[in-house]
Amino acid sequence: MTSRRHLLLALGAAPALWQGPLALAQGNTPIRILVGAPAGGSTDTLARTLAIEMGRLLGRTVIVENRPGAGGNIAADAVAKAAPDGNTLLMSFTSHAINASLYKTLPFDPIKDFTPLTCVATSPSVLVANPAVPAKDVRELIALAKAKPGTLNFAIGAVGSSLHLAGDAFKMQSGAYIVNIPYRGTAPALQDVLAGQVELMFAAVGNAQAQIRAGKLKALGVTSAQRLPAFPDVPAIAEVLPGYESSAWFGLFGPGQMNPELAKRISDAARQAIASPDVKRRLEHEGAVPVGNSPEEFARFVQAEIPRWAKVVQFSGAKPE
């Protein structure tokens, strides 16, 4: 009887996440987080890390379902058309904002058809060069590119990606002419920079930090507004090009028209998961910076990102693959 009493007291003290008419669908139906990228990539890894802790907090099974293709649009479209009951969510990334101007038409509205829940993390990139490039920093690189226009090349893992547009934003602000060499994926692009086939690349910190520390790549600058703790001796590009900043971001969305109380419950669980030591450690291991902001803050951020990237897309002339 004592054990039963303690159990009832414990249950009564637990957060009432699923009480009342706004509760998520009952039963054993899992919550699905759709990811518009292949398994094993940064977006997929962050989604799976988050799903484990969110499932524990919500007392529900949370699974990740990969639906890659069209720069994340296939997964986004599925979520936009899903019932707003909290059972179908989207882990999206910077392309959610970029695609608004990269694609002439989309089967959904990137603002109206989604409920922003929280920004999970940001991921600054690093401008790396093959050690043979005769420039030790961004200032020298710009001077070299202007002295020999069109002789240097950027390897880009995917047309229209945040890393591609980080390079075009760099060219737009610096006035340097550097040629883009597209690849089908980050891995082959990085391999060619390591081999000296291509001189330069913007790479996610998590993808390049081992090669930088081994001396196989030269870090010229980071895309965050300030220097990164992982590379305190590598200047921010903004130190040479004031206002330059280009970080990938990863965010959690629900379908549009979600009830605000339901959205808040899911957002609170996600934010609590992001703040947990295990998730925070795993995000940082991926070279990401945990965020976990409010739905209102994330909504304002996404709305500002769309016109910001539209300028770079227009400059780049990028077209969907």
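The values are calculated or read from the model by the stated rules, or taken from the named source; none is laboratory data. Quick caveat: nothing in here was measured; it's all calculated off a predicted structure. All Cβ positions, glycine included, derive from the backbone under ideal geometry; neighbour counts span all protein chains shown.
Do we find a residue being buried (at least 21 other Cβ atoms within 10 Å of the Cβ), outside any helix (DSSP H, G or I) and in contact (Cβ under 8 Å) with a residue 40 or more places away in the chain anywhere in region 173-183? Within region 173-183 (the criterion being buried (at least 21 other Cβ atoms within 10 Å of the Cβ), outside any helix (DSSP H, G or I) and in contact (Cβ under 8 Å) with a residue 40 or more places away in the chain), the answer is no, since none of the residues qualifies.
For region 131-150, does any single residue satisfy the condition of being among the small types (Gly, Ala, Ser), touching a residue at least 12 places away in the same chain (Cβ under 8 Å) and touching a Pro at 6+ places or on another chain (Cβ under 6 Å)? Walk me through it before giving the result.
First, pick out the residues of region 131-150 that are among the small types (Gly, Ala, Ser): 132, 135, 143, 145, 147, 150.
After this cut, where a residue has to be touching a residue at least 12 places away in the same chain (Cβ under 8 Å) as well, the list is 132, 135, 145, 150.
Checking the rest, the ones that are also touching a Pro at 6+ places or on another chain (Cβ under 6 Å) come to none.
Within region 131-150 (the criterion being among the small types (Gly, Ala, Ser), touching a residue at least 12 places away in the same chain (Cβ under 8 Å) and touching a Pro at 6+ places or on another chain (Cβ under 6 Å)), the answer is no, since none of the residues qualifies.
Of the residues making up region 245-256, those that are at pLDDT 95 or above and not hydrophobic (A, V, I, L, M, F, W, C) number 4. If the condition is being among the small types (Gly, Ala, Ser) and at pLDDT 95 or above, then region 277-295 contributes GLY292, SER294. In region 214-232, is there at least one residue being surrounded by 16 or more Cβ atoms within 10 Å (Cβ to Cβ) and assigned to a helix (DSSP H, G or I)? No.
Exactly one residue out of ASP233, ASP268, ASP192 is out of contact with any Asp or Glu (no Cβ under 8 Å at 6 or more places or on another chain) and assigned by TED's automatic domain parsing to the domain that holds ILE31, and it is ASP268. With respect to the stated conditions, PRO242 fails to be over 26 Å from GLY160 (Cα atoms) and either out of contact with any His (no Cβ under 6 Å at 6 or more places or on another chain) or without any contact (Cβ under 8 Å) to a residue 12 or more places away in the chain (or both). If you check PHE298 against the conditions, is it part of a strand (DSSP E or B) and either surrounded by 17 or more Cβ atoms within 10 Å (Cβ to Cβ) or of a type in the set (Gly, Ala, Ser) (or both)? No; evaluated as a whole, the condition is false for this residue.
For residues that are within 26 Å of SER294 (Cβ to Cβ) and not in a strand (DSSP E or B), scanning just region 244-253, find the one that is farthest from the chain's Cα centre (by Cα). Reasoning before the result, please.
Filtering region 244-253 for residues within 26 Å of SER294 (Cβ to Cβ) gives 245-253.
Pick out the ones that are also not in a strand (DSSP E or B) and you get 245-246.
Working: GLU245: 14, SER246: 11 Å.
Filtering first and then ranking leaves GLU245.
Looking at ARG308, ARG300, ARG271, just one residue is closer than 22 Å to GLY59 by Cβ and either over 17 Å from the mean Cα position of the chain (by Cα) or of a type in the set (Lys, Arg) (or both), and that residue is ARG271. Counting only helices (runs of 4 or more DSSP H) that sit completely within region 54-172, those holding 1 or more residues that are assigned by TED's automatic domain parsing to the domain that holds SER276 and farther than 30 Å from GLY215 by Cβ correspond to 73-80, 95-102.
Within region 124-171, the residues that satisfy the criterion of being of a type in the set (A, V, I, L, M) and more than 17 Å from ALA236 (Cβ to Cβ) are ALA132, VAL133, ALA143, LEU144, ALA145, ALA147, LEU152, ALA155, ILE156, ALA158, VAL159, LEU165.
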